[in-house]
Each structure stands twice: as structure tokens, then as C-alpha cells.
Amino acid sequence: MKRAPQGILPIIAVDRRSQVPLYRQVYEGYREAIVDRRLRAGERLPSTRSLATELGISRIPILSAFEQLLAEGYFESRVGAGTFVASSLPDEGPPSDARTPVRGTPGRRVLSQASAVLGEGLPLAPWQGGVGAFRMNQPAVDQFPFQVWSSLVAKHSRNPTRSLLTYGDPMGYRPFREALAAYLRTSRAVRCEADHIMVVSGSQQALELSARVLLDARSPVWMEEPGYAGAKDVLTMAGARMVPVPVDAEGLDVSAGIERCANARAAYVTPSHQYPLGGTLSASRRLQLLDWAQRSGAWILEDDYDSEYRYESLPVSALQGLDRDARVIYIGTFSKVLFPALRVGYMVLPPDLVPRFMRVRDAMDIFPPTLFQAVLTDFLTEGHFARHLRKMRQLYRERRTVLVDSLQRELGDTVEVLGTQAGMHLVAALPKRFKDRQIAERAAKEGLWAMPLSPCYLEKATRPGLILGYGGTDAARIPEAVRRLRKVI
């Protein structure tokens, strides 16, 4: 067993000017030396008295550091012999470079194939790097009724009930689900009761739960082409095989989907406001889709992400309301209609699937946070939500109109404007000679956060374009932003 002489020089240094206490500096210095294997198992340590002399500090912080290291198992004390590095610690050091392991060698870092499909720590795309003109999914948060919201948060925070502080239902806070069910039945024509609603942290978690319950590895899933990349990522990470199905003015081409993969396990659709092109799934296509799901035993994942905002007519009723065979999982969120950081969404489940979803949810994160559900309950039942929606529809209609007029005035026939009837974004389709990624990258350097259309395709993009959000940009600033965008194009 190796033993250092009693008078060994200290391997650490202390800085009296540091805000870190002296005992902590000594403790961290020795712990780091042991972890890095500069001190090995069984090596003898200097006495606290001699170490204090060497470091020129009081013996008290040395004693405190040694006591902590003894308690954590880095040191061991031997009666009559002194203090030693614990003999139970491994003697071998870590691999010389753990970041570049060789397959089959010690220290190999094994990761799941599911995570590999998303790529290696990709940075944010340039068009996602800021807040301002044309940023996608950016609501007018400055118009939110914060005074009302703050009073409701304070009300539930000052005198919380027991149910807000203890473990909750995997489905979510019951009063909130009852208020939400009433809203969905009247405003979205969704067939549901509170017992069928599960509260989630957003549409991404709803898709993750759905994938865990409904899909197996390599299960084929219809995906709108072009479509929502976030859904593609979640379902692909779950091991599903994406089947791109083209969309047109009537939404998803169900006949093309059947031709490509009639036995798909599920279909992901945005029927009320197709993302990103903005179309609405026609009545004939809706019935055709439901008929296919019933005949094939497939599931339909209906993402109703911003259907509350429709400008030329009343909101389109949910596909789920037409479902007579319980094949549709309806997904909604408050991220667009209130604010994204709220992180509250919901799913309406077929009654026979509720037990399975509850069991999977319990295994994932037990239950959703309760406080904001209680606040939202009051926000819904006291009429604040309805008033806010009315105000936002008028505001976004104005901003939409200004953006369309500005695009036509500045760019004319260069762009074809799509999807102006609803939502918080539209598409400016470009002639095929344009490279929309390059345009979006250049625009980002000018502080314009236009998203290219081509990344929304699973296969080769058939047309370039820019997805322009208008929810978070004041109408007075839109014309100048379009003029700057014209220069970039």
C-alpha cells in the first residue's frame, strides 16, 4: 500500500480573497484530486495541524473539510496511524478521452437510436433566434390581461387548498377539466366529458403520450406533406415510420394516403387549419378519413392548435365531433390563445383508452402541475377567456389584412399568398427558382424571422416559400418589415 511521508506538501491552494469559504476550498481541492486520481487509494494525508501550517490558515476549516470528506467516504481514519485516502476507492483512472470512445472498449458511451434520429445537438435555426416581425407562433403577449391573471394567481397562491399541494389525478385537475369540457362542447363541437380529458404540458407531450400508447416500432403513420416538423420529430423518435401524404386546397389527400399505405397505424392531421399551408379539410375528406380509420382500425391524431382564430367565418368544428367509432384523439393547447410559457394543453381521449393513457402518464410524470389549472378554471368560468379571444380575433384580423396588403403591394406576382383565412401565420409561396432557406437566413441577419417552407417537407420540397407569423407584430410596423423583406428577396 502506497504511503506518502508525513511532511507531504499540500496539493491544494487556497485563496483568501475568494468568496468561497476556506473549508470548502480545502474540501473541493482534495475531492478533485481524488476523482482525478492524483491522490490514489490508501495514500496517507498530512495531519490537519501540519496542513494548516503549510496553507497558512486556521486549523478549524481544515478540520471541517476533513470531517466532510470522511463522512462522504473519500477519506478513512486509522486509529494510531492518521488519515488516508479511502482504500475502497478504485485505483484505475478514467479513460484518457471519454468523449471519443472506441466501440467495445471500457468507457463506451452508448446512446439510444431514438435520440440519434434527431441529430447531434443542432443549434437553433437562424429564423428561430429572435423575437419580432414574422416570428412563427408568437402571440401578442403584450395584449394579455395580466392584471386579471395576476389577481387569479394571487388568489390561489395565498390560500391554496389541499388539492393544489398534494399529489393529483394523472388526468388533471377535475374542476379545470369540467370547465374545459364545457368550452370544447360549445365552441369546438367536441364530443367529450371531463372524464375523457387529460391535461398535458402542450401538444408535444400529447403526441409523445399517444405514441407510447398507440404505436410500436416501425408503425407507419400518415404525415401531412408539408406538415408540422415537431410532430414528425416526436413520432419518429418513438420509432414510427413516417408516410408523407400530400395536401391540397381540401387538406390531406386521403386517397393518396390509402394508395401509399392503406394499413397505416395512425394519421396525424391539422384539419381545421392545416399547418403550414392553412387549408381546411373538406367535409368529404373528413368523412373519407374517418371511414378509412374505422375500416383499417387506425387512429387519428387531430392537432387543433389555433382553430379559435378564424376571420372569414365561424371556427370550423372539430373532426372529432364527427367520429362515431372513437378513432380520434383530439389535441389542443393554450400556447397560442394565451401565452406559450403557460405550458398547458389537453387531449380528449376515446373512453376505452383512458385507463391505458392514465397508466402511461402516471409512469412518465405522475400528474400535471395544479396551480395554473386552478387559475385557468376561473379564467374560463368567469368569462375572461371568451373576452380575450374576441379581442385577439379582431387584433389578428387587422394584422393579417395589413400583412396581405403589404405583400401584394411590395412583391406583387412574385409571391402567392396562402392560408389567410385563419390562425396567426400565412405562407408567401415563391417561384421554384428561389432558395427559401437562404432567404430566411439572410432575413434573420436583418432582424426578420421568416421561416422557410422547405423544412416542412419529409421528401423533396415541391415549392419554396416563407412562413410569416403576424400575431406578435404591431400592425403599424408590418409595412416597413415587408419592405425590408422585399430587399432581402
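The values are calculated or read from the model by the stated rules, or taken from the named source; none is laboratory data. As the structure is a computational prediction, the values presented were derived from the model and not from experiment. Here the Cβ positions follow ideal geometry from the backbone for every residue, glycine too, while neighbour counts run over all protein chains shown.
Assessment of the range 443-453 against the conditions (out of contact with any helix residue (DSSP H, G or I) (no Cβ under 9 Å at 6 or more places or on another chain) and either under 20 Å from Y309 (Cβ atoms) or at pLDDT 95 or above (or both)) yields no matching residue. Of everything in the range 312-337 that is within 13 Å of P351 (Cα to Cα) and surrounded by fewer than 18 Cβ atoms within 10 Å (Cβ to Cβ), the residue that is nearest to the chain's Cα centre (by Cα) is A326.
So which residues in the range 47-74 are β-branched (V, I, T) and under 12 Å from V26 (Cα atoms), if there are any at all? Within the range 47-74, T48, I57, I60, I62 qualify. Consider the range 206-225 and keep the residues that are in contact with a Gly (Cβ under 7 Å, 6 or more places away or on another chain) and not in a loop (DSSP other than H, G, I, E, B). The one that is nearest to R361 (Cα to Cα) is A206. Within the range 21-39, is even one residue of a type in the set (K, R), loosely packed, with under 14 Cβ neighbours inside 10 Å, out of contact with any Phe, Trp or Tyr (no Cβ under 9 Å at 6 or more places or on another chain) and at pLDDT 90 or above? For the range 21-39, residues of a type in the set (K, R), loosely packed, with under 14 Cβ neighbours inside 10 Å, out of contact with any Phe, Trp or Tyr (no Cβ under 9 Å at 6 or more places or on another chain) and at pLDDT 90 or above: absent. If only residues of the range 123-159 that are charged (D, E, K, R) and in contact with a Gly (Cβ under 9 Å, 6 or more places away or on another chain) are counted, the one that is farthest from L466 (Cα to Cα) is D142. Selection within the range 234-253: residues that are of a type in the set (V, I, T) and in a strand (DSSP E or B). The member of this set that is surrounded by the fewest Cβ atoms within 10 Å (Cβ to Cβ) is V243.
For the range 251-305, filtering for residues that are more than 16 Å from L207 (Cα to Cα) and of a type in the set (D, E, K, R) leaves 7.
Close contacts from the range 396-425, counting a first residue that is closer than 14 Å to A133 by Cα and among the hydroxyl-bearing types (S, T, Y) and a second that is modelled with pLDDT of 95 or more and part of a helix (DSSP H, G or I), with Cβ to Cβ under 7 Å and a gap of 6+ residues or different chains, come to S406/I478; S406/P479; S406/V482.
Within the range 178-193, not a single residue is part of a helix (DSSP H, G or I), of a type in the set (S, T, Y), surrounded by 15 or more Cβ atoms within 10 Å (Cβ to Cβ) and in contact with a strand residue (DSSP E or B) (Cβ under 7 Å, 6 or more places away or on another chain). In this structure, is R285 basic (K, R), surrounded by fewer than 16 Cβ atoms within 10 Å (Cβ to Cβ) and part of a helix (DSSP H, G or I)? When the stated conditions are applied, R285 does not pass them.
On the stretch given as the range 183-197, residues that are of a type in the set (V, I, T), touching a Leu at 6+ places or on another chain (Cβ under 7 Å) and more than 12 Å from S307 (Cβ to Cβ) total 1. Once the range 64-85 is narrowed to residues that are among the hydrophobic types (A, V, I, L, M, F, W, C) and surrounded by 15 or more Cβ atoms within 10 Å (Cβ to Cβ), the residue that is nearest to R16 (Cα to Cα) is A65.
Of the residues making up the range 138-151, those that are surrounded by fewer than 20 Cβ atoms within 10 Å (Cβ to Cβ) and touching a Ser or Thr at 6+ places or on another chain (Cβ under 9 Å) number 1. For the range 472-487, filtered to residues that are modelled with pLDDT of 95 or more and crowded, with 17+ Cβ neighbours inside 10 Å, the residue that is nearest to F434 (Cα to Cα) is L485.
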